[in-house]
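A quick write-up on the structure given underneath.
The values are calculated or read from the model by the stated rules, or taken from the named source; none is laboratory data. All of these numbers come straight from a predicted model, not from anything done at the bench. Cβ sites come from the backbone with ideal geometry, for glycine too, and all protein chains shown count toward neighbours. Surface accessibility is based on the protein's heavy atoms, side chains included, excluding ligands, DNA and RNA. Shrake-Rupley method; radii C 1.70, N 1.55, O 1.52, S 1.80 Å.
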Amino acid sequence: MAPYHIHKYQESDRKTVLALFSQGMAEHVPTTFLHTLKLPRTLVLLLGGPLALFLVSGSWFLALMASLTLLTALWFLAKHSCTQFLVKSLQTDLSDVTKSYLTERVSCFWVVEAEGQVVGMVGALRVQEPTLGKGQLELLHLCVALEHRGQGIVKALVRTVLQFARDQGYSEVVLSTSILQPSALTLYQSMGFQKTQQFFFSMSLRLMAVSSIRLTYLLPSAQVSQGPGQGGGF
């Protein structure tokens, strides 16, 4: 395993950070596509539509073309959903990482370097309107290059955010992940995050039944003030 170190984002990291984020989002396209193919309504559409067309027209060619058209449409729908989040991020907080994360001490952005290259990143942004008046820090854009996964970098980045939250006096750290990332969900829960909400990021993801899961990590001070039996439900 190559040694790595975590440091605050610098403007010289910008190009690599954006490329890493774009590559990470592109990985979700085939996963989303395969998930959509397995949905009962998709199977009915893929099998029933072309069959009905064949029974009406008597042409296997038209039935085949209908199947290919449906598969292509599903692929572009999966790609659109991932691109939508990518574009939104590039137009908002990632459009200027320094301005979004590093102009105030209550937010931060880190990158991971290994062998002289940026191979991972994570952001921590103060939630402007925290629920119930609690101080919330949101963990965003956690991403590690494929060839450097399984080396403990993800856990190190999460711990970096949690320690930052403690140092800044936050009561909660929140993040969102997809149901299509079970390994990430398991990792977050093993580190103390709890499910608090399930929602759809966009209409296209709702059509594909790809929901997002909101998780919350209560820092020690918040756990004491909240008391037993008062945790949020899922």
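Tabulated results
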| quantity | calculated |
| --- | --- |
| Candidate set: the stretch 6-46, residues that are in contact with a Ser or Thr (Cβ under 8 Å, 6 or more places away or on another chain) and under 21 Å from Leu207 (Cβ atoms); chosen: the one modelled with the lowest pLDDT | Leu46 |
| Any hit, the stretch 70-88, residues being more than 17 Å from the chain's Cα centre (by Cα) and among the charged types (D, E, K, R) | no |
| Considering residues of the stretch 3-45 that are open to solvent by less than 40 Å² (accessible area, probe 1.4 Å) and of a type in the set (Ser, Thr, Tyr) only, the residue nearest to Leu140 (Cα to Cα) | Tyr9 |
| Which listed residue is closer than 27 Å to Gly152 by Cα, part of a helix (DSSP H, G or I) and open to solvent by 50 Å² or more (accessible area, probe 1.4 Å), from Phe85, Phe76, Phe61 | Phe85 |
| Every residue from the stretch 88-99 that is free of Cβ contacts under 8 Å to residues at least 40 places away in the same chain and either open to solvent by less than 40 Å² (accessible area, probe 1.4 Å) or of a type in the set (D, E, K, R) (or both) | Lys88, Asp96, Lys99 |
